[in-house]
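The values are calculated or read from the model by the stated rules, or taken from the named source; none is laboratory data. Please read all numbers here as calculations on a predicted model, not as lab measurements. Counting neighbours? That spans all protein chains shown, and the Cβs are built from the backbone with ideal geometry, glycine included.
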Amino acid sequence: MTREPLSVAQLVGPGTETAQLRELLREVIDPELGVDIVSLGLVYGLEVDGRVAAVLLTTTTPACPLGDYLSDEVRRVLVDGGAVDRVEVEVTHVPAWSPDMIAEETKRAFGW
């Protein structure tokens, strides 16, 4: 019997790792808006291959100074979650983010 802690990937069924990791990304909060990056529509893609996650995300504008901060937080949250050992983050602005990408419940919270 091993004494290593169980990872999220060991606790969920096959094929659900990506969904579980996406949920973990809700812990990454955009400090300017106070909302998680998933609800804001900033996560464009998430793939898992073994113990490596690849995340494609964006910022609200190409000039946003938070790209490095968000990338670091994504890495921290996913590695700390225990399901992956490494996270590769790519920030893109294609397609450009727009408020239409915000989740409906978040739009309602903003009063939109």
Which of (1) free of Cβ contacts under 8 Å to residues at least 24 places away in the same chain; (2) of a type outside the set (Phe, Trp, Tyr); (3) loosely packed, with under 13 Cβ neighbours inside 10 Å does Arg75 not meet, given it meets every other one?
(3)
Top-ranked residue of region 1-39 - restricted to ones that are farther than 17 Å from Val77 by Cα and at pLDDT 65 or above, ranked as surrounded by the most Cβ atoms within 10 Å (Cβ to Cβ):
Leu33
Scan region 45-52 and tell me whether some residue there is without any contact (Cβ under 8 Å) to a residue 60 or more places away in the chain and of a type in the set (Gly, Ala, Ser).
yes
Residue count, region 47-65, condition touching a strand residue (DSSP E or B) at 6+ places or on another chain (Cβ under 7 Å) and either of a type in the set (Asp, Glu) or more than 14 Å from Arg86 (Cβ to Cβ) (or both), comes to 5
What single numbered condition from (1) surrounded by 12 or more Cβ atoms within 10 Å (Cβ to Cβ); (2) aromatic (Phe, Trp, Tyr); (3) touching a helix residue (DSSP H, G or I) at 6+ places or on another chain (Cβ under 9 Å) fails to hold for Trp112?
(1)
